[in-house]
Each structure stands twice: as structure tokens, then as C-alpha cells.
Amino acid sequence: MFIRKRRGWEIPEGAATPEALVFGRRAALKAAGLASIAMPGLARAADFPQSTRNGRYEPGRAITAEREVTTYNNFYEFGTDKGIYRPAQKLPLSPWTVKVDGLVDRPREFSVEDLIKAMPVEERVYRLRCVEAWSMVVPWTGFPLTALLAAVGVQSSAKYVRFETAALPAVMPGLRQSWYPWPYVEGCTIEEAGNDLSFLVVGAYGKPLLAQNGGPIRFHQPWKYGFKAGKSLTRISLVAERPKSFWEAIQPQEYGFWANINPEVPHPRWSQASERVLGTGERVPTQLFNGYGEFVSGLYSGLQRERLWG
Ligand SMILES: Nc1nc2c(c(=O)[nH]1)N[C@H]1C(S)=C(S)[C@@H](COP(=O)(O)O)O[C@H]1N2
Ligand SMILES: [Mo]
């Protein structure tokens, strides 16, 4: 894969300070005497790579305003309303490690900082379609799941990938709602994991990923409903059995394992034919596989007996 790191002078306008343009941001911080003191947020921002956009996956829609994406969220660990960006600021994002284990040759715990350095980081503008019939278009920074899997070596007995996300009762008031099956778990097949669209996200809008969007690291498969995209991942396990995901455990008639997007298959309580595009006041038709069919429909040939939709 061809990856080009953006040069210093190509730092996008919004992210650049005059010092950063002259020295690069890390040098600027050092010059200001800040680099050595513990300011995790600042350190994360200063080290964050400005990566090249992958043009293969054009969303065909305007990028959603950053404000919408960062203030209208689903993250039940922090509460069930869309305004959880406030309580989510309590989530400590650095240091953060992700354990990769199970049926792999080299199980390992990675720090997110190391992943950002070692993985082929790039920007991808993806659509995100929530099962609740709203959508957005986000420039994520991240790397393909396949790159991480290659680093640990997947064994042939592995059939599924299981994603486990953070459960920190001290900062997540939602965990007190003990009827929910915490921690939030999601999963996909090994074939789906091997698709290049399967993306581990570490940033958005050229900046480190904010807590409310699943910082410091979350998953996204844009042809599936948003609930498949586990936020604030702590563990990625290669397993032989299909994982039982959070929403499936709560309401299997409404939220299946596959959860591929199909406008013709309604949710039991509402239509999936169209979606409200955040920040636009528009309602647009929903597309099969959220418009990514050319890349993913082949994954499902021979699986017609599975409940592939919704
Ligand atoms: N850990 C965790 N991950 C989660 C959720 C959640 O409640 N907890 N909500 C999911 C749902 S329903 C959606 S639509 C997306 C929303 O991502 P966003 O808030 O960044 O748009 O996150 C998904 N990942
Ligand atoms: Mo969702």
C-alpha cells in the first residue's frame, strides 16, 4: 500500500500554529518547554500524524460538520442521551493499551501511541449509518484491521474477531444500569475482518479521536449499522465461536450479529428506507450496504440462510 506522510508545510490550516509551521509541532512544544511535562491531551495532539487521504472510498456526500459529529453521539457507557460528550471527557485517553489475543501466533498488548507509529495510518472519509436512521460522513484517521492482524499472525482456527470495549465504572455512569450486558462487545467474521474497509480509527478531522467518538481507538465497518463499531477498544480477540454482541444480547429480534445495511429490511419498529443526514436538515434514501456493495457484497455469497440484514 502506498502511504505518504504529509509534510510539515501541509498541516491543515486549522491545526497549524505559526510555530508549528516553522519547527513542526513537536519541536514547537519542546521549545516551549512543554514536551517533558505530563499533559496527555497535548502530547496526543502534538504527536498525531497528518496522514494522506485514501481516495479509494469516496463517500459521495459532503463531510459532516465536526461539531455535529462530536456533540451527537451514542455511547451508552456514559448515558443514553445524545449529549454524552460532556460526561465522556472524564475518560482518560492516555496511556491506553489494547490487548490482541486468542488464536494468534504472537499475542501482545499494544499502546495506541505505538500503533499510530507502527501501522499504515491514513485518512478515510466514511459514511456512518446508525440503525436509528440518522447518518453522518466523517474523515477518520486510522489503519486497516488487516495490518494489526498481520502483526500478530492469525491462526487458521480463528473464525471470528471479538471486540471488547472499556468498562470503567469510576467514569462511566452508564455501567450502573446493571441490566445491560457490559462490557460492550462486538464481533465480525474473519472474512469481514479481512476486507480492506474494516478500519481501526484513532482520529477524526485530523486530530486524535475524542472520547465521545470512541477515543483513543474504535472500530468502523461502514457497510454495517453503527452499533457494530465498538468504541474505546481494550481488547481484540481472535476466536473460534461467534461472539454474542451487546445489542444482540439485549434484543436479538431487533439487532442481529450481521447488521448489514439494507433499506428494504425495516427495523421491527421503523423503516430503514431513508436516513436523516446530520447537520443538513436533509433526508436521503439509504443504500444497500450503505453504498459499499461493490467492495463487500462478495463476502456474503453462500450465506443467504443467515440473517444478514438489520
Ligand atoms: N462502547 C460502545 N460503542 C458504541 C456504542 C456504545 O454505546 N458503546 N454505540 C454504537 C452506536 S449505536 C453508534 S451509531 C456508534 C456511534 O458513533 P459516534 O457517536 O462516533 O457517531 O457507536 C457505536 N459504538
Ligand atoms: Mo447506532
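We did not get these values from a lab; they are worked out from the coordinates using the rules stated. What you see is a predicted model, and the numbers here were worked out from it, not measured in a lab. Cβ: placed from backbone, ideal geometry, glycine included. Neighbour counts: every protein chain shown.
Some notes on this structure:
- In order along the stretch 145-152, the phi-based Karplus estimate (6.51 cos²θ - 1.76 cosθ + 1.60, θ = phi - 60°) of 3J(HN,Hα) comes to 3, 4, 5, 5, 5, 5, 5, 9 Hz; Gly and Pro are listed as x.
- Taking amide H as placed 1.01 Å from N in the peptide plane, the amide H of Tyr184 sits under 5 Å from that of Thr165, each at least 5 places away or on another chain.
- Summarising the label geometry, the points placed 7 Å from Cα in the beta-carbon direction at Thr71 and Glu191 lie 4.4 nm from one another.
- Other residues whose C-beta falls under 15 angstrom from the C-beta of Gly291 contribute a net charge of +2, scoring Lys and Arg +1 and Asp and Glu -1.
- Less than 5 angstrom separates the built amide H of Gly310 from those of Ala259, Asn260, Asn262, all sequence-distant by 5 or more or on a different chain.
- Extension gain for the segment Thr80 to Val265, taken as residue separation times 0.36 nm less the Cα-Cα distance, is 64.1 nm to one decimal.
- Approximate spin-label separation Thr280-Val171, in nm, with each point projected 7 Å along Cα-to-Cβ: 3.4
- Candidate aspartates and glutamates - alpha carbon under 20 Å from Lys159, same-chain residues fewer than 8 apart omitted: Asp101, Asp105, Glu186, Glu191, Glu192, Asp196, Glu241, Glu248, Glu306
- Cleavage-rule hits (GluC sites (Glu not before Pro)) in the stretch 135-199: DSSP loop, at most 12 neighbouring Cβ within 10 angstrom: none
- Karplus 3J(HN,Hα) series, Hz, for the stretch 101-115 with 6.51 cos²θ - 1.76 cosθ + 1.60 (x for Gly, Pro): 8, x, 7, 10, 6, 10, x, 7, 9, 10, 7, 4, 4, 5, 4
- When shorter helices are ignored and each DSSP H run of at least 4 residues is given -39500 (n - 2.57), the per-residue value for the chain at 222 nm works out to -4000 deg cm²/dmol.
- Pair Lys99, Ser297: separation of 7 Å Cα→Cβ label points (nm): 4.1
- Mean Cβ neighbour count within 10 Å, used as a protection proxy, ranking 120-131, 222-233, 260-271 highest first: 222-233, 120-131, 260-271
- Taking amide H as placed 1.01 Å from N in the peptide plane, the amide H of Gly230 sits under 5 Å from that of Phe219, each at least 5 places away or on another chain.
- Contact order normalised by residue count of the stretch 32-300, Cα under 8 Å, 6+ apart, percent: 21
- Segment Arg61-Arg108, extension gain: residue separation times 0.36 nm, minus the distance between their alpha carbons: 13.1 nm
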